[in-house]
Structure formats: structure tokens, C-alpha cells
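> So that we are looking at the same thing, I have put the structure below in C-alpha cells.
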Amino acid sequence: MAKEVIKVLIVDDDIDYSVLLGMYLSRDRDNQYETILCHSGADAIANCKVQTFDCVLVDYRLNDMTGAEVIEELRKCLDEKMPPVVVVTSGGLEDAAINSLRARATDFLLKDNANNVSVGRVVKNAVEQGRLNRGAHERRRELIVANLELERQKSEIQRFYHVVSHEIKTPLTATREFVSIVTDGLLGPVNDAQLEVLQDALICCDQISMQFNDLIDLTRLETGKLSLNINSVCPAAMFKRVMAIGKERANEKGISLQFKVRGEMSPVNIDEARVTQVLNNLIGNAIKFTDKNGTVRLSVSGTENHTLHIRITDTGCGVAKAYREDIFERLYQVHTHSASHAQEGLGLGLSIAREIIRGHGKELGVRSRLGVGSCFHFQLNSTQHQKALNYGT
């Protein structure tokens with residue numbers, strides 16, 4: 001089997017010594033070397049521009065420049081394609097070693113220590129280091145290209161979400177209005193069977209509209225355009241509204257929806273519309289995954305440090321431990337064996353809810369036992385808490 005040829009450039013203004021280094025390499029029985037000799041830094045740089053070398057051996061003290069300067073010039077010219085460079089110098093030149101290492105030489109060799117073994121070893125080590133560096137550079141280039149492609153695809157998906165959601169939502173809104181006109185009897189009498197079908201159509205329109213709203217929110221999240229309008233809000237009225245919204249659906253499923261308050265509900269600094277969105281999502285999910293005669297509870301407790309603790313607890317199917325982080329991922333759907341837990345939506349609600357709570361400086365967490373139920377929980381800072389922080393600063 002033919003040996004791989006290792007191409008080495010030897011740079012030394014002492015012609016005899018450069019020939020000697022070539023002889024040392026030629027005696028290596030394990031490797032085959034092709035050596036090219038040149039006697040100035042300028043010649044070395046010129047050669048490296050037109051040829052590819054596996055290693056460069058360069059004397060530190062050349063007539064026209066130092067070995068460190070040769071390294072710096074090669075790096076400017078070749079960048080990542082630069083071969084590994086070993087600096088060779090006479091003893092007593094401690095500065096040579098320091099300057100060479102600062103110039104990022106691969107290795108350093110004293111002329112007094114040069115022989116068949118030492119020269120072969122330092123060149124082989126340098127060649128191996130060069131191969132590793134080239135491999136790392138190649139992987140880095142591949143990662144950069146892959147990352148750019150992922151960014152392009154992400155941007156394309158975001159544009160798709162944005163365009164589709166807006167282009168479809170406009171005619172969908174018009175369709176709902178037309179159905180409402182017929183449902184309200186403005187175009188003539190509607191019998192009971194027709195009314196039932198029209199009401200189902202309105203429900204479908206509302207469901208699709210909600211899904212498109214989620215797509216719009218997701219696009220805003222990914223582009224950093226989902227801004228929060230933080231104000232001091234009385235939470236009692238907000239909780240009353242979300243309970244009223246959830247009550248109707250809970251009654252339809254025969255589920256008990258409860259509201260429990262402990263401690264004082266001080267005003268909170270929040271984006272009320274967005275926190276309402278989170279609460280509606282969590283209560284809606286709890287109702288969806290809880291069977292008839294089950295219980296869903298919204299619990300709010302104020303603490304001495306002016307923080308509201310909010311929990312939405314259900315007696316539903318629960319989430320297996322292995323999937324408790326997955327449920328917050330975009331487009332993830334919880335799969336159950338119960339027909340009553342039919343999948344609705346696009347699987348974006350929890351992901352959006354988590355980002356909204358993070359936007360308030362808090363985390364949305366979950367505790368759950370499979371077959372027993374789940375508890376989603378988060379905190380909100382009250383106005384007094386913010387005042388205390390401002391006073392502390």
C-alpha cells in the first residue's frame with residue numbers, strides 16, 4: 001500500500017541546515033515526505049500562496065523577517081487554509097519561543113535538539129494538528145451554512161403564518177357576519193333545524209378564528225413583536241370574567257368549575273388582555289381534559305411579599321412525567337385514549353401562554369399525576385411588590 005506523501009516547506013537562510021532538516025525527514029521509515037526548500041520569508045509566503053503544504057518549518061531568524069512575522073503574514077493571506085507552522089531557532093532565544101506562541105505557531109523546535117526522531121515527531125504532530133484544525137473549520141463552515149438555511153426556513157415559515165392568517169381571517173370574518181345575519185332572521189324566518197346548523201357554523205368560524213389568532217401570536221413571539229402593555233390592574237374583575245367564560249363550557253360537560261381566593265388580592269402589574277388569554281387557555285384545557293362530574297378549580301392566593309399565586313387545578317387525565325416539558329412546545333398535542341378528550345386547536349396555546357408569563361418575568365409550571373389530574377401555576381407581582389423593588393433600588 002502506497003504511503004501518503006506529506007508535503008513540507010522548509011524555510012531557512014542557512015542552506016546547509018535546511019538540507020539537513022530535509023535529510024532527517026527522508027530517514028523516516030513510517031512516512032514519505034516531499035520537501036521544498038526556500039531561504040527567505042518572502043519566498044515562503046509566495047510558495048504558500050500557490051502550493052498547499054501539510055507543514056511549514058521556519059527559522060525564527062531569517063534575513064528579511066522573523067518566523068513570527070511569517071506566521072502573521074501567512075494567516076492574513078490564507079486564513080483557515082493556513083498550514084501548521086513549526087518555528088525552528090537556535091538556543092538562548094527565549095523571546096523567539098514567546099513571540100512564536102503569540103503568533104499561534106503550532107510548535108517550537110530548538111536547532112540543537114534536531115535529529116531524525118525529534119524532527120519527524122514534531123512534523124507528524126503538527127500535521128495531525130493541522131488536520132484536526134481543518135476538520136474543525138470544515139464542521140464550523142457546515143454548521144454556519146446549516147444555520148443560515150434554518151434561519152431562512154424559519155423566516156419563510158413565519159411569513160407563511162403571517163400571510164395565511166391574515167389572508168384567510170378577513171374572508172372568514174365576513175363569512176361569520178353573513179351567517180350571523182341569517183341566524184338572526186334578518187333575511188327571513190329560520191326553522192329549528194336550520195338554526196342548529198347555522199349555530200354550528202358560527203362555532204366553527206370562531207374556532208378557526210381562534211386558531212389564526214394563535215398563529216399570529218406565534219409569529220409575533222418568534223419575531224420579538226409580541227409586546228406587553230403593562231398596567232396596574234385589579235385582578236378580581238379579570239378573574240370574574242374568565243370564570244364566566246369557562247362556566248358555560250364546564251356546565252355543558254357536567255364539570256364543576258370553582259373559584260377559590262385566599263388572602264388579599266392586591267392590584268397587579270400586568271398586561272390584562274394577555275393574562276386573560278393565559279387564564280382562558282389554561283381553564284379551557286382543564287375542562288377539555290376532565291371528564292363529566294370532574295372538578296376544575298381556579299385558586300388565587302395573596303402573600304405577604306405582595307405576590308399573587310395562581311393555580312388552575314383539574315381532576316382530569318393528567319400528563320405523564322415524560323411529556324411535561326413537551327406540552328409547552330409549539331404544535332405539540334396531548335394524546336389520550338378518551339374520545340371525550342378530542343383534540344382541538346393547533347397545539348400552540350400552552351407555548352404562547354408560557355411566553356406571555358415569561359414576558360411578565362415569571363414562569364408557567366405544571367404538576368401532574370397520570371389519571372389523577374394536573375395543576376398549572378404561575379405568579380404575578382402586585383403593585384406594592386413593584387414599589388418595594390423600586391424603593392430597594
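> List, please: which pairs have Cβ atoms under 7 Å, are six or more places apart or on different chains, and start with a residue in the range 62-79 that is among the basic types (Lys, Arg) and end with one that is in a helix (DSSP H, G or I)?
As it stands, the answer is none, since no pair meets every condition given.
> Assuming residue 136 fulfils every condition listed in (1) surrounded by 11 or more Cβ atoms within 10 Å (Cβ to Cβ); (2) of a type outside the set (Asp, Glu); (3) closer than 27 Å to residue 352 by Cβ apart from one, which condition is it?
(3)
> What pairs come up if the first residue lies in the range 362-384 and is of a type in the set (Asp, Glu), the second is part of a helix (DSSP H, G or I), and their beta carbons are under 8 Å apart, counting only those six or more places apart or on different chains?
363/354; 363/357
> Okay, next question. Among the candidates 30, 79, which residue alone is under 50 Å from the mean Cα position of the chain (by Cα), at pLDDT below 90 and either part of a loop (DSSP other than H, G, I, E, B) or among the hydroxyl-bearing types (Ser, Thr, Tyr) (or both)?
From the options 30, 79, the qualifying one is 30.
> Looking only at residues that are out of contact with any helix residue (DSSP H, G or I) (no Cβ under 7 Å at 6 or more places or on another chain) and surrounded by 14 or more Cβ atoms within 10 Å (Cβ to Cβ) in the range 1-13, which one is farthest from residue 69 (Cα to Cα)?
Looking at residues that are out of contact with any helix residue (DSSP H, G or I) (no Cβ under 7 Å at 6 or more places or on another chain) and surrounded by 14 or more Cβ atoms within 10 Å (Cβ to Cβ), I get 7.
> Check the range 337-348 and report whether any residue there is at pLDDT 85 or above and under 24 Å from residue 257 (Cα atoms).
no
> Further, regarding this structure: Filter the range 182-208 for residues that are among the hydrophobic types (A, V, I, L, M, F, W, C) and farther than 23 Å from residue 249 by Cα and give the result. I'd like the intermediate steps shown before the answer.
So in the range 182-208, the residues among the hydrophobic types (A, V, I, L, M, F, W, C) come out as 182, 186-187, 190, 193, 195, 197-198, 201-205, 208.
Within the range 182-208, 182, 186, 187, 190 meet the criteria.
> What's the number of the only condition in (1) surrounded by 15 or more Cβ atoms within 10 Å (Cβ to Cβ); (2) within 24 Å of residue 16 (Cβ to Cβ); (3) within 46 Å of the chain's Cα centre (by Cα); (4) without any contact (Cβ under 8 Å) to a residue 24 or more places away in the chain that residue 110 fails to meet?
(3) is the only condition that residue 110 fails.
> Give 70, 122, 88 a once-over and let me know the one that is assigned to a helix (DSSP H, G or I), in contact with an Asp or Glu (Cβ under 6 Å, 6 or more places away or on another chain) and either over 22 Å from residue 19 (Cα atoms) or of a type outside the set (D, E, K, R) (or both).
On inspection, the qualifying residue turns out to be 122.
The values are calculated or read from the model by the stated rules, or taken from the named source; none is laboratory data. Computed from a predicted structure; not experimentally measured. We place every Cβ from the backbone using ideal geometry, glycine too, and count neighbours over all the protein chains shown.
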